[in-house]
Structures are given as structure tokens and as C-alpha cells.
Amino acid sequence: MCGILGFLDKTKNHEHSSLGRTLLKMLTALACRGPDSAGVALFGPSTNDRFVLKVKLGNHGGAGLRAERLLGLLKSLGAGGHEFSTVAAYARFVVDGGTDLTNLIAAIESSDKELEVVSVGRNLEIVKQVGSPANLERTYGISQFCGTHGLGHTRLSTESRVDLSHSQPFWSHGRPDLAIVHNGHITNYHKLRRLYQQRGVRFYTENDSEVVAIYLSDELSKGRSMKESLHAMLRDLDGSFSSLVATSTQFGFVKDPFALKPLLWAETDGFVAVANEEIAIRSALPGDYQVREAEVKEVRVWER
């Protein structure tokens with residue numbers, strides 16, 4: 001029942017693109033599909049080869065104190081922590097491109113069990129929150145974000161708890177600039193989870209959607225293309241699902257072999273838009289264009 005959506009600006013005016021405003025309109029149209037939480041994965045201008053990190057400061061208060069400790073940790077590690085700022089439940093900062101991200105993330109998350117790195121990328125920033133898209137906008141002003149493309153999600157929790165960590169989009173937790181949103185059920189989730197855990201992969205939630213991000217990161221690390229990796233999902237992931245994925249240079253979707261979860265898409269000279277209800281596309285992007293229903297096992301990938 002969750003709402004998923006994605007938007008890619010195909011014009012050359014990316015720095016002035018109203019990406020955030022478009023995603024917010026699409027999210028608002030899908031709010032009835034998921035009242036529990038809302039979130040976006042935003043791909044903006046590159047930070048001169050630096051990495052942007054977003055860190056969740058906890059679910060149980062004390063965000064200000066944790067932010068102070070986090071800044072102190074970054075200084076002690078010599079990680080830089082440029083442009084350090086906090087808004088509500090998140091800290092945002094930038095580190096140099098040569099930073100050992102694996103060790104930095106491990107140091108951050110081991111310093112306090114409430115801290116979680118929710119996104120890392122040269123272009124990617126994830127913001128998500130319990131509640132409606134309107135709450136997300138009031139707190140973080142996502143409509144003001146400019147960029148090239150992004151994903152959105154409104155969640156109706158059916159199996160796992162409602163909190164910030166279990167909300168979507170999901171980052172791959174290891175591969176910069178890779179984010180996913182997912183609607184449906186991965187019925188062999190527990191088997192896949194055990195296999196990945198045996199390889200030392202950490203899971204942060206009990207949400208089956210998290211395994212989609214982990215799976216795609218694993219496939220891409222083997223040298224497969226995004227299109228090949230999405231086709232492999234049809235072979236290796238069981239269940240009924242529609243998923244969208246984005247990196248700094250690519251944007252795409254996959255629809256499961258049963259086609260039980262709706263997914264529609266439209267492409268013009270100016271944009272690509274995908275959502276599981278046509279109203280999300282039409283309400284945000286007025287004009288004369290065709291909206292198509294994704295077919296069984298359909299995979300599409302667009303290059304930025």
C-alpha cells in the first residue's frame with residue numbers, strides 16, 4: 001500500500017531545478033497510501049568531490065548533545081566535518097573525498113547506539129520522518145532543494161515498527177550515492193538476510209525493503225550494470241514488488257513477475273516521472289503527455 005515515486009529532470013537547468021517542489025507535490029498526492037512516514041532521496045550538485053553525510057541523531061531525544069559529541073568525534077578523527085549543521089533529528093556534514101568512509105561510519109555508529117548514518121554521497125542526501133509529507137516539509141523545507149533527480153516514499157507499516165530508521169528511502173549502507181524505494185513484499189527476505197549476515201553485512205531494520213538496497217549494492221560491486229542488477233532481482237528476489245533505484249548518474253525501476261503492485265511512468269523531452277498512482281505524476285507535472293503502465297518484469301534505466 002506504500003506510495004513510491006521518482007523524478008528525473010532531463011533539462012540542462014539542473015542547478016535551478018525545482019526538484020524538491022516536484023517531489024513534494026508527488027508525495028502529497030500519495031499521502032493517503034502511507035500515513036506512517038514520508039521521505040525523499042535528493043540528488044543535488046556535486047560537492048567538489050567531497051562526501052555529504054547525513055546522520056540520524058536518535059529516536060529518544062538528546063539530539064543536541066549527540067550532535068556536540070559527533071562534532072567532537074569528527075575533530076578527533078581528523079575527518080574535517082566541514083559545513084556541520086543540524087536540523088531536527090539529523091546532522092549534516094561534508095568530508096574530504098579521500099576519507100576512509102568505512103572506518104568513519106564504523107567510528108560514528110560505534111560511538112553511540114542511537115547514531116545511524118542514513119546516507120552518504122557526493123550528490124545524495126536522504127531526509128525522512130515519521131508522519132505526513134506536510135510534516136516533512138514543515139521540518140526540513142524539502143521544497144527548496146534544487147537538483148537533478150530524486151525518489152520519494154510514503155509508508156504504511158504492515159510488518160515492522162514505525163520509526164525513522166524503518167522509513168524509506170533506504171541508502172545501501174556502504175555504496176555512496178545509491179538509494180531505493182520499494183512497495184511490496186520480499187517473501188524470501190529472511191533467507192537473503194541470513195545469507196548476507198553470514199558475510200558480515202549489518203542490517204539496521206526489520207523492514208524487508210532494506211534488502212533491496214543491499215542486494216543492488218552487492219550486484220553493482222560485482223561489476224554488473226544497473227540494468228543487469230535490476231533484471232537479476234527478478235530472478236533472486238521472490239514476492240510481489242515495484243522498486244525504484246537511483247544513483248548519481250542513473251534512475252530506473254523494476255516490476256515483479258506477477259505485476260501485483262502498480263507502477264506507472266511518463267517520459268517527455270523534459271522529464272521522466274514514475275509513481276504507483278497516476279495522480280502523483282499529473283498533479284506535479286501538468287501538460288499533454290502519455291502515462292504508461294509498467295509491464296510484467298519490466299526494467300527501465302535512464303542515464304543522467
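With contacts taken as Cα pairs under 8 Å and at least 6 residues apart, the chain reaches a relative contact order of 25 percent.
With only the Cα atoms considered, the range 212-298 has a convex hull volume of 101 Å³ per residue.
Over every Cα atom in the range 48-122, the radius of gyration and the widest Cα-Cα span, Dmax, amount to 11.2, 35 Å.
With everything on Cα atoms, drop me the angle between helix 226-236 and the longest principal axis of the chain, reported from 0 to 90° to the nearest 10. Rounded to the nearest ten degrees, it is 80. Straight-line cross-link reach from Lys113 at under 22 Å between alpha-carbon atoms covers these lysines, not counting any fewer than eight positions away in the same chain: Lys54, Lys56, Lys75, Lys128. Sites listed here are trypsin sites (Lys or Arg not before Pro) in the range 164-258 whose DSSP assignment is loop and whose Cβ has at most 15 other Cβ atoms within 10 Å: Arg199, Arg202, Lys222, Arg224.
Using a ≥ b ≥ c from the Cα gyration tensor of the range 184-243 (square roots of the eigenvalues), is it rounded, prolate or oblate, where a/c under 1.5 gives rounded and otherwise the larger of a/b and b/c decides, a/b for prolate? The shape class here is oblate. Between helix 101-111 and the chain there is an angle of about 70 degrees, using the helix long axis and the longest principal axis of the Cα atoms.
In terms of its C-alpha gyration tensor, the range 1-105 comes out oblate, because a/c is 1.5 or above while a/b does not outweigh b/c. Given Cα pairs under 8 Å that are at least 6 residues apart, what percent is the relative contact order of the range 42-151? Answer for the range 42-151 is 43 percent.
Under 25 Å of direct C-alpha separation, and excluding same-chain neighbours fewer than eight residues apart, Lys222 reaches these lysines: Lys191, Lys255, Lys297.
Spatially, the range 58-134 and the range 257-276 are offset by 33 Å when compared through their Cα centroids. Database remark: amide H of His153 closer than 5 angstrom to the amide H of Gly39 (H placed geometrically; neighbours at sequence offset of 5 or more, or on other chains; Pro and chain starts carry no H). Computed over the chain, the alpha-carbon pair-distance distribution with 10 angstrom bins reads 6, 30, 38, 22, 5, 0, each value a whole percent.
Would you please give the FRET efficiency between Tyr196 and Arg138, computed as 1/(1 + (r/R0)^6) with r the Cβ-Cβ distance and R0 = 45 Å, to the nearest 0.05? E between Tyr196 and Arg138, to the nearest 0.05, is 0.80.
By the count of other C-beta atoms within 10 Å, a proxy for reagent exposure, His149, His231 are ordered fewest to most as His231, His149. The chymotrypsin sites (Phe, Trp or Tyr not before Pro) of the range 217-281 meeting both criteria, a DSSP state outside H, G, I, E and B (loop) and at most 13 other C-beta atoms within 10 angstrom of the site's C-beta, are Phe258. Sites listed here are trypsin sites (Lys or Arg not before Pro) in the range 37-120 whose DSSP assignment is loop and whose Cβ has at most 12 other Cβ atoms within 10 Å: Lys113. Against the main long axis of the alpha-carbon atoms of the chain, helix 189-198 sits at an angle near 40°.
Could you name the aspartates and glutamates in cross-link range of Lys261, using Cα to Cα under 20 Å and dropping any fewer than eight places away on the same chain? The qualifying aspartates and glutamates are Asp36, Glu159, Asp208, Glu210, Asp236, Asp238, Glu277, Glu278, Glu293, Glu295, Glu298.
FYI, it's all coordinate maths here, none of it is from the lab. Note that this is a predicted model, so its numbers are computed, not measured. Positions of Cβ are backbone-derived with ideal geometry, glycine not excepted, and every protein chain shown enters the neighbour counts.
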